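The values are calculated or read from the model by the stated rules, or taken from the named source; none is laboratory data. Because the structure is a prediction, the values reported are computed rather than measured. With ideal geometry, Cβ positions are generated from the backbone for all residues, glycine too; neighbour counts draw on all protein chains shown.
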Amino acid sequence: MKIFGSTIKETIDSFQPRRHLGGDSAKKTERTITIIRLIVSVALIIISIVVREQHILASVGLLGTILGYWIK
């Protein structure tokens with residue numbers, strides 16, 4: 001039974017060298033998606049830090065969303 005999802009594993013795998021014969025374009029697409037995931041996550045963390053002072057519930061909600069995404 002799997003408790004957590006595969007987002008973290010997919011992220012790690014996208015930066016590992018491919019061991020089988022496959023297209024490099026697929027690997028580049030995986031890396032692009034991974035980089036976009038990381039950029040969006042960092043942007044949301046920065047936003048949650050900025051709004052923390054004024055709207056604590058919004059900050060906690062954003063952090064919960066990020067955490068939920070990465071462990072889904």
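Remarks
- All told, Ile12 falls short of being at pLDDT below 75, of a type in the set (A, V, I, L, M, F, W, C) and either within 11 Å of the chain's Cα centre (by Cα) or assigned to a loop (DSSP other than H, G, I, E, B) (or both).
- A Cβ distance below 6 Å, combined with a sequence gap of six or more or placement on separate chains, defines the contacts here; from the range 54-72, residues that are in contact (Cβ under 8 Å) with a residue 24 or more places away in the chain reach residues that are part of a helix (DSSP H, G or I) and of a type in the set (S, T, N, Q) in the pairs Ile66/Ser41; Trp70/Thr7; Lys72/Thr7.
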